[in-house]
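All remarks here apply to the structure that follows.
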Amino acid sequence: MLRRTSLFIPGNNPAMLLSANILGADSVIFDLEDAVALNQKDSARMLVKKAITTFDFSGIEVLVRINPVSSPFWKDDLREIIEAEPDGLVIPKATKEDVIAIEALIEELEEKYNVSKKVSFLLIAESAYGVEMIAETLGCSKRITGVLLGAEDLTADMEVVRRVDGEEIDYARKRVVMACKAFRVQAMDTPYTDVDNFDGLLADTEKAKALGYTAKAVINPRQIDYVHQVFAPTHDEIDYALAILQEKERAFTEGIGVFSYQGKMVDQPIILRAEKIVAMARKLGLIT
Amino acid sequence: MKNSLNREVPFNPYQGIRTLEPRTFEVTKNVISGNKYRESLAELIKELNIKDGDALSFHHHLRNGDYVLNMVMEEVAKLGVKNLKVIASSLFAIHKPLVELFESGIVTEVYAAYMTGPVAKAISEGQLKGMCMLHSHGYRATMIQTGEVTVDFAFIASPACSMSGNVSGSEGPSNCGVLGYAIADAQYAKKVIAVTDYIVEPKDVEIKAEWVDYVVKVDKIGDPKGIVSGTTQITRDPVGLKIAKMTLELMKGSGLLKDGFSFQTGAGGISLAVAKDVFEYCKKEQVKGSFASGGTTSYLVNMLEAGIFEFIYDVQCFELDAVASISRNKNHKKMSAAQYADIYNPDNIVNRLDFVILGATEMDTDFNVNVTTGTDGVIMGGSGGHSDTAAGAKMAIIVSKLVSSRISVLTDKVTTITTTGETVDALVTDRGIAIHPRHQALIDHLKATTKLPIVDIHDLYQMALKLTGIPERVEHEQRVVALSQYRDGTLLDCVYQIKPE
């Protein structure tokens, strides 16, 4: 499934839960953690479960952010939510130990509720320890499909302030994305918190894309189109990719093993990249 | 008897859209000589010889900041007369004192194009002893011009007025921009009284001295800040913004959004978001429209000043920025309600519209729209220009969330028909766009050339029911408290007295 944006939606907001599938995000994260006050955790769990089992969310990915293992809420979150069969869970402040504990309980619950669908994990790397240990964490479960960098908690942990240019999270961004590439899971960039600054959002998303991120979490629906715009291939990229694939076909027909295009040697990684771009462009309806 | 929409009405049933022979109306007022000026409203009211059953008219350009209706009726109430008709172009919360006059039988009939607040609630509860007629802005001018309704005394809140009775809406401390809804009253009422707080020889005369019988000065005719009543801000709701985007795509897909296009939108949050999106599209693609019309907001003024439109034709201002624009933009033109939407005037502005973007409280699968009553049956609005513009524009687009606060905009039968589905072309909701089936060619074209989610309105209705379940109908009393009129004067529907809470 295409996942360029994951939109956080407070788990205790019925109107927003109802609208979740019409806002344009590729995936939504129903939040039981930060967006929900301590005295509303129970009702939010029930509301999210009811929403998932009642409304038709076909066409988008539905994730639920549970409370961290360091809190007293995570087991109740799982007991309520697993039966509803969301597509995935978002695990905050994820460490290897947390993921192992969560997976163990999930396996029990899946058996208890006779759930056949394996829920996936999107980890949030949002502590210095979590970022440093990310490769080790990624190796501990096959359910992991991606890592979201959580810059707000991370910078608090690092005792530094957030900057407009993102310099303070540069190392974390690079470390997370490299680990994700190594484990063939998606790297999702941290949300851009100034919801009225769309130029800033575009620049921040471009920076993440340049590092290898293929998605960005969003906290306001108005951010979705801007992020999608960045992660969509440009017309030039599509034209170049199509030309590469055409040359590849020609070379294959002519029995040429290695070929060049516009004076540059075309090797396998370039072909793979071109294929990805064309596939993405087709998926987005940019080409037929 | 039943009308062609299968609604029970007491007389003059609506029989479908009619093309009426054009008619022109002459103003045949005697030129009034002598001193028209009076120092005291109270004394003037005594002098007017108002009798039982007379009709008194008022305009609403000061909207929720209007003081004139209340101050006039307070003096009229002292005369001991009964059974008066109040013909107000609209009524707002500020007009609450009128309710006491319903109870005492001083006012027993009301005509309005729009009403909200305590007066609307009182009428819904059956406190008005006679009938309330709810018509469109266009039909108000029509009914006064044709004499279907006689105005005995027109009290015109006049932001600027000369001693002889030349009136302008766009000068003075209570500047409201334009007096479009007061023109027919001034031309055809038996007696015309300009009530002003600013005596001056106005530069831009809208109401001529020859139509005016009396000029009376009061301390203050209103508070212009009250003009900004209702929503005049672009929605920030992401669902509303999505609907606006879809609407722009529909407009593009229709083929009508091109050089020379004309456009009207209301002041609701989604409608204004459409205006903003149209503005940005026109700037980017260098599309230049001919005119925007209607109640004017700052968003239309911005478009005029950016050269997106050549003209604004303005019948009332919704915002103080729009009021100010009239003085600084020569192409921001004032118009009367008759020029705007009189059904006998084939050149009226609504007939020249390409697009109108409108809201809805309810809509049914026949595309009939209710903007008169809430789902609880209480009057909370009225046509205003809704039915006029829907009938005139090439493409009348209703924009609404499919489900809002657990209530679906779509229903099997609207509580009150304000605008007939025969004049509505499309409904744009967050979960799909329904085009009226009479436009099959457009449906096919949009499906073939756009990615818009075009759906049958019955399917959209089912989608809504899946989310809300089947709502129970609110029961009402049998007494009819108001009649909803089409712009030709025929009756679309009845509004019934609500049951006590």
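The values are calculated or read from the model by the stated rules, or taken from the named source; none is laboratory data. The structure presented is a predicted model; accordingly, all values stated were derived computationally and were not measured. Backbone-built Cβ (ideal geometry, glycine too); neighbour counts: all protein chains shown.
You will find that of A:ASP153, A:ASP199, A:ASP170, the residue that is in a helix (DSSP H, G or I) and touching a residue at least 24 places away in the same chain (Cβ under 8 Å) is A:ASP153 and no other.
On the basis of being in a loop (DSSP other than H, G, I, E, B) and away from every other protein chain (no Cβ under 14 Å), does A:TYR213 make the cut?
On the way: in a loop (DSSP other than H, G, I, E, B): yes; away from every other protein chain (no Cβ under 14 Å): yes.
Yes: the conditions hold for A:TYR213.
Here is a check on your reading of the model: is B:VAL9 without any contact (Cβ under 8 Å) to a residue 40 or more places away in the chain and among the hydrophobic types (A, V, I, L, M, F, W, C)? Judged against the criteria, B:VAL9 is not a match.
So that you can scan it fast, the table gives a plain yes or no per residue for (1) of a type in the set (Asp, Glu); (2) more than 27 Å from B:HIS439 (Cβ to Cβ):
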site: B:THR265; (1), (2): no, no
site: B:GLU285; (1), (2): yes, no
site: B:THR296; (1), (2): no, yes
site: B:PHE309; (1), (2): no, no
site: B:CYS317; (1), (2): no, yes
site: B:ARG328; (1), (2): no, yes
site: B:LYS334; (1), (2): no, yes
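Please tell me if A:ILE277 is of a type in the set (A, V, I, L, M) and away from chain B (no Cβ under 14 Å). Let's see the steps before the verdict.
Working: of a type in the set (A, V, I, L, M): yes; away from chain B (no Cβ under 14 Å): yes.
Yes; evaluated as a whole, the condition is true for this residue.
Out of A:GLU97, A:GLU33, A:GLU61, I need the residue that is surrounded by fewer than 20 Cβ atoms within 10 Å (Cβ to Cβ), more than 14 Å from every other protein chain (Cβ to nearest Cβ) and modelled with pLDDT of 95 or more. Which one?
Values: A:GLU33 fails: surrounded by fewer than 20 Cβ atoms within 10 Å (Cβ to Cβ); A:GLU61 fails: surrounded by fewer than 20 Cβ atoms within 10 Å (Cβ to Cβ).
A:GLU97 is the lone residue from the list that is surrounded by fewer than 20 Cβ atoms within 10 Å (Cβ to Cβ), more than 14 Å from every other protein chain (Cβ to nearest Cβ) and modelled with pLDDT of 95 or more.
In this structure, does A:ILE66 turn out to be in contact with a helix residue (DSSP H, G or I) (Cβ under 7 Å, 6 or more places away or on another chain), of a type outside the set (Ser, Thr, Tyr) and within 14 Å of chain B (Cβ to nearest Cβ)? The answer is no for A:ILE66. Among the residues of region B:433-452, the ones that are closer than 22 Å to B:ASP354 by Cα and either touching a helix residue (DSSP H, G or I) at 6+ places or on another chain (Cβ under 8 Å) or within 14 Å of chain A (Cβ to nearest Cβ) (or both) come to 12 in all. Within region B:105-119, being buried (at least 23 other Cβ atoms within 10 Å of the Cβ) and either at pLDDT below 95 or not in a strand (DSSP E or B) (or both) holds for B:ALA113, B:TYR114, B:VAL119.
Within region A:111-121, can you find the residues that are crowded, with 19+ Cβ neighbours inside 10 Å and under 16 Å from A:LYS49 (Cβ atoms)?
Keep residues of region A:111-121 that are crowded, with 19+ Cβ neighbours inside 10 Å, which gives A:119-121.
Matches in region A:111-121: A:VAL119 only.
Among the residues here, B:ILE397 does not qualify as crowded, with 19+ Cβ neighbours inside 10 Å, within 14 Å of chain A (Cβ to nearest Cβ) and at pLDDT 95 or above. Checking each residue in region A:254-287 for being within 24 Å of the chain's Cα centre (by Cα) and of a type in the set (D, E, K, R) picks out A:ARG273, A:GLU275, A:LYS276, A:ARG282, A:LYS283. Scanning region B:269-285 finds no residues that are touching a helix residue (DSSP H, G or I) at 6+ places or on another chain (Cβ under 8 Å), outside any helix (DSSP H, G or I) and buried (at least 23 other Cβ atoms within 10 Å of the Cβ). Scanning region B:241-249 turns up no residue that is assigned to a loop (DSSP other than H, G, I, E, B) and either within 23 Å of B:THR361 (Cβ to Cβ) or more than 14 Å from chain A (Cβ to nearest Cβ) (or both). Residue selection: A:ASP42 fails the criterion of being under 18 Å from the mean Cα position of the chain (by Cα) and more than 13 Å from chain B (Cβ to nearest Cβ). When residues in region A:2-30 are screened for being within 14 Å of chain B (Cβ to nearest Cβ) and either of a type in the set (A, V, I, L, M, F, W, C) or over 16 Å from A:LYS50 (Cβ atoms) (or both), 14 of them pass. Taken over region B:458-477, residues that are out of contact with any helix residue (DSSP H, G or I) (no Cβ under 8 Å at 6 or more places or on another chain) and either aliphatic (A, V, I, L, M) or in a helix (DSSP H, G or I) (or both) amount to 12.
Contact annotation: residue pairs with Cβ atoms under 8 Å, 6 or more positions apart or on different chains, pairing a residue in region B:120-147 that is outside any helix (DSSP H, G or I) with a partner that is acidic (Asp, Glu), are B:GLY126/B:GLU477; B:GLN127/B:GLU103; B:LEU128/B:GLU109; B:GLY130/B:GLU109; B:MET131/B:GLU109; B:CYS132/B:GLU109; B:MET133/B:GLU109; B:SER136/B:ASP388. Which of the residues belonging to region B:6-42 are more than 25 Å from the chain's Cα centre (by Cα), assigned to a loop (DSSP other than H, G, I, E, B) and surrounded by 12 or more Cβ atoms within 10 Å (Cβ to Cβ)? Those that are more than 25 Å from the chain's Cα centre (by Cα), assigned to a loop (DSSP other than H, G, I, E, B) and surrounded by 12 or more Cβ atoms within 10 Å (Cβ to Cβ): B:LYS29, B:ILE32, B:LYS36, B:SER40. As a summary of the residue check, B:HIS60 satisfies the conditions (1) under 20 Å from B:ILE417 (Cβ atoms); (2) out of contact with any Lys or Arg (no Cβ under 9 Å at 6 or more places or on another chain); (3) at pLDDT 95 or above except for the one numbered (1).
Residue-level analysis places B:LYS225 among those that are away from chain A (no Cβ under 14 Å), outside any loop (DSSP other than H, G, I, E, B) and farther than 22 Å from B:PHE309 by Cβ. Across region B:144-157, the number of residues qualifying as under 19 Å from the mean Cα position of the chain (by Cα) and either more than 27 Å from B:VAL216 (Cα to Cα) or in the same structural domain as B:TYR340 (by TED's automatic domain parsing) (or both) comes to 0. Looking across region B:186-219, the residues that are within 22 Å of B:GLU26 (Cβ to Cβ) and assigned to a loop (DSSP other than H, G, I, E, B) come down to B:ALA189, B:LYS190, B:VAL205, B:GLU206, B:LYS208, B:VAL212, B:ASP213.
Scanning region A:253-288 for residues that are free of Cβ contacts under 8 Å to residues at least 24 places away in the same chain and of a type in the set (A, V, I, L, M, F, W, C) gives A:ILE256, A:VAL258, A:PHE259, A:MET265, A:VAL266, A:LEU272, A:ALA279.
From the list A:ILE244, A:ILE224, which residue is among the β-branched types (Val, Ile, Thr) and outside the structural domain of A:MET16 (by TED's automatic domain parsing)?
After ruling out the rest, the residue left standing is A:ILE244.
Residue pairs whose Cβ atoms lie under 6 Å apart, separated by 6 or more positions or on different chains, with the first residue in region A:8-19 and farther than 20 Å from A:PRO92 by Cβ and the second aliphatic (A, V, I, L, M), are A:SER19/B:VAL239.
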